[in-house]
Structure formats: structure tokens, C-alpha cells
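Below is one structure; the comments refer to it alone.
The values are calculated or read from the model by the stated rules, or taken from the named source; none is laboratory data. All values derive from a computational prediction rather than experimental measurement. Counting neighbours? That spans all protein chains shown, and the Cβs are built from the backbone with ideal geometry, glycine included.
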Amino acid sequence: MSIPQERRLVTAIPGPKSQELLARKQAAVPTGIGTTLPVFVTRAGGGVLEDADGNALIDFGSGIAVTNVGNAAPRVVERVQKQVADFTHTCFMVTPYESYVQVCEKLNQLTPGDHEKRTFLVNSGAEAVENAVKVARYATGRQAVVVFDHGYHGRTLLTMTLTAKNMPYKQGFGPYAPEVYRVPLAYPFRWPGENPAEEAYAQAVDMIEKQIGAQNVAAVVIEPIAGEGGFIEPAKGFLPKIAQYCRDNGIVFVADEVQTGFARTGDLFACEDEGVVPDIICTAKGIAGGLPLAAVTGRAELMDEVHAGGLGGTYGGNPLACEAALGVLETIEQDDLVARARRIGEIMLPRLRAMQERFPVIGDVRGRGAMIAVELVEPGTKNPNPAAVQEVIKRCHAEGLVVLSAGTYGNVLRFLPPLVIPEHLLEEGLGILEKAFS
């Protein structure tokens, strides 16, 4: 790695140059574009972000699960540099190119299930989810879409509607799209009963049967681990039951793996943990190392239903992004980043559980692989404690550790380190976190 893998603080966070740039940002960019930590990055790699003031911060965010293979990963850089010198765009729907086909072939091969598949490429996770719903509605001739409490699916009109959380994603942007219905998620930490998988499933099916009618449902859309909702892993057994219900009723089961995909959870895709095989899987974020790309991969008989010209977009599958994706997939395979994600979980989870024993503000520790969270509560209760999250984040940022929040109640700290982060930085970051709690 060209960047020294060490934390280095030479100014306060943010430093004077970043503060100058922040003033320019505020004068040029709408306030609706928020900023978690206003340090302006000049270089990044491994587990480090360097800013305009010369500070080097430990990265526990990966640009929200995007730079799984690290920033400026060598195989990604090499492929993109070669491609940008050849051509930057033709529009695949006008004159195609091989790299788009290669990415689709790889995703057809790597995503769960040994059935025949088709893939097409778009620009963002929201666009992928929206297109999955389009395919499901077209193929089934139905209209209703079922989603889950605590789900997040994007910021377009339809995906805002699919999203459960009002602030900041939905407030003031209605009216929303019709024929979207929300059912319970088996959230183990907050489920009031003793068997969340069985009870949440029974409630969800009851609501579908009574309020919609299974024969009217085109798709069920779910994140295998709810991302923005707070890294909620549904109780074991819940996902397979929902998938089976879909199969039994001719409903398209759509897995939104935008945040969970590409080795993040210790499997290449999070669905693999319980052997769930989606009819359609949506991927983005970690797919191309930071270049804008997303994909919709599904059963051939579903995907081929749509008429020619019914799917696509001007920039979908841009050649630079396709080359980046091929570099990402090579890196995951050749550097065994699936195993690396599991190793990160083996280091982080015991440390966080030990903190939970010390600090009663930590109500829950959860996650798989390198997708891990702690939920903060008012000590002695399960009441959400978003103020504690903001205080911990402030202290971590001041010490040069980038951490993010999440959760329907704003009370979750989420950790998404690059899969290539050196272990000494992982340990140092956990030490900073522990200091922030104490």
C-alpha cells in the first residue's frame, strides 16, 4: 500500500484546510447534502484516509460498505487506467463492449443458486431495487410489493416508499408510490415475544393474506441484514420461511444485497448464510470499488419476460465501472477477502462484547463478518439512546477514527472497515472506541 498504515493527527479534526473547504461546500452545495465528518480526503488506501491537513484517520466506514477491497485497490486502478485511455462511453444499448458482458457472466456464476440467470447493470442501489420491482411486476402481472419494518432501499420515489424510516429519507417528499405494504421484521433485540422468527413470520403472512391477498403480490423485497435500519440480522429461520412462502405463492423474492454483498458479511452474499436463493438479487456499493455501478441478477425466465428496450439506461454498465468491478471480483477471490471478513468479525465481536459487559449503555452487539453494530440504550432499559451515539461518534472522530451511525431510532453505531484493513489498525480503532465509551 502506498499510504502508510498508521493513524496520524497533526491538527484538530477537522483541520484548518478542511474547514476552509467546508465553508466553500456550504456556499456551493445544498444543505440537504449532509456530511458525517467534514474532513476533506486527498488520499486513501488500506484502512487509512488522509485529509487536506495531513491527518491520517482510521477508516471504519468504507464509504458506507463501498471500498470493501480498499481504496485505489491495485487491480481496480490498473483496469480503470487502461480503460479510460481506450474509451469512456458508448452506451451499451447503442454499441456494446465485452466488459459489461463479463461482469454479468461473473454475477450469474457467483450469486446464490445454480439456476440459469440473467444480469443487467445500472448506476445505483436504488436503481437496482426499482428495476427489480419493474421486472417482478412485468413477469407476474401483479402490482403489490411487500417490504419490512426497518428496511432501507433508496431515495428515488419508489425506493423511498419502500424505505421504513421517515427522517431524513422521506420527510416532506410525498406523496409516495402506491401498492407498497409493510410487514414486521424478526428483530431479535426488540421483538416482544419469545420466538421472533416464528411470530414475525406468522404476523407477516397474516397481514399479506388479509390486507393484500397473496395472489396480488408481485414481489417481497428484503435486506438479508437490514442496513440503515441498524444492522439487524433477522432471527434465524425467518428469511427461509419468507422465501418459501414466496415460492408457494408465485411471488418474486427479491434480496436487496446492496450493503451486504461482495464478501462484507463473511460470505460472498449474505443470503448464503441460511442457504436462501433469491429469485432476484440487487447489488451495488461494494461491486466496483467506488465507481458507480449496480446490478440486477435474476432467474432467466423472469428477466427474459421484459420486452426489448424495457430495461436499461444511458450510463448503466459504464465501461470504467465494469472494469473496476472485474478488478474487485479478482481481488476478492485472489486475496480471499471472504475469509478476511470473517477474521475481522472474530477480532471485533469479542472486544465489543467485552465492552458491553463494562458499559451498560451498550444494549446489543450484533453482526456478521465485517458488518457489525452496537445498539445503545438508556442503561437498564431498551429505550433508544441516540444522544449517546452522537457523543461516542464525536469522541471517535476527534481521535481520528471514522465511525458511522444507523438505526430506525438513530441509536446504532455501525462498523464497516475495509476488508484489507491491517489488524493493528483494527485493534487501535477498537481501543479508541473503548476510550470513547469510558
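Screening V147, V129 for residues that are buried (at least 24 other Cβ atoms within 10 Å of the Cβ), touching a residue at least 24 places away in the same chain (Cβ under 8 Å), in a helix (DSSP H, G or I) and out of contact with any Phe, Trp or Tyr (no Cβ under 6 Å at 6 or more places or on another chain) leaves exactly one candidate, V129. Of everything listed in (1) in a helix (DSSP H, G or I); (2) within 30 Å of V80 (Cα to Cα), the single unmet condition for C246 is (2). Just one of the numbered conditions (1) over 20 Å from G317 (Cβ atoms); (2) of a type outside the set (S, T, N, Q); (3) touching a helix residue (DSSP H, G or I) at 6+ places or on another chain (Cβ under 6 Å) is not true of L157: (3).
The set of residues in the range 22-40 that are within 23 Å of E391 (Cα to Cα), free of Cβ contacts under 8 Å to residues at least 60 places away in the same chain and of a type in the set (A, V, I, L, M, F, W, C) comprises L22, I33, V39, F40.
Which residues, counting only those in the range 187-209, are among the polar types (S, T, N, Q) and either more than 21 Å from G230 (Cα to Cα) or assigned to a helix (DSSP H, G or I) (or both)? Give the steps one after another, and end with the answer.
Narrowing the range 187-209 to residues among the polar types (S, T, N, Q): 195, 203.
Scanning the range 187-209 gives a single hit, Q203.
Evaluate the following for L291: is it part of a helix (DSSP H, G or I), touching a residue at least 12 places away in the same chain (Cβ under 8 Å) and in the same structural domain as F92 (by TED's automatic domain parsing)? No, not satisfied.
I'd like to check something: does the range 61-78 contain any residue that is surrounded by fewer than 18 Cβ atoms within 10 Å (Cβ to Cβ), among the basic types (K, R), in a helix (DSSP H, G or I) and touching a residue at least 12 places away in the same chain (Cβ under 8 Å)? No: zero hits.
Restricting the range 104-120 to residues that are charged (D, E, K, R) and assigned to a strand (DSSP E or B), which is surrounded by the fewest Cβ atoms within 10 Å (Cβ to Cβ)? Even if it seems obvious, please write down each step before you answer.
Keep residues of the range 104-120 that are charged (D, E, K, R), which gives 105-106, 114, 116-118.
Still in the running and assigned to a strand (DSSP E or B): 117-118.
Details: K117: 21, R118: 18.
Ranking the qualifying residues of the range 104-120, first place goes to R118.
For every residue, the table says whether it meets (1) assigned by TED's automatic domain parsing to the domain that holds P168; (2) of a type in the set (G, A, S); (3) in a loop (DSSP other than H, G, I, E, B); (4) in contact with an Asp or Glu (Cβ under 8 Å, 6 or more places away or on another chain).
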residue: Y315; (1), (2), (3), (4): yes, no, yes, no
residue: L326; (1), (2), (3), (4): yes, no, no, no
residue: E330; (1), (2), (3), (4): yes, no, no, no
residue: G345; (1), (2), (3), (4): no, yes, no, no
residue: A354; (1), (2), (3), (4): no, yes, no, no
residue: L376; (1), (2), (3), (4): no, no, no, no
residue: K382; (1), (2), (3), (4): no, no, yes, no
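Screening L413 against (1) closer than 20 Å to T67 by Cα; (2) touching a strand residue (DSSP E or B) at 6+ places or on another chain (Cβ under 7 Å); (3) touching a residue at least 60 places away in the same chain (Cβ under 8 Å) leaves a single unmet condition, (3).
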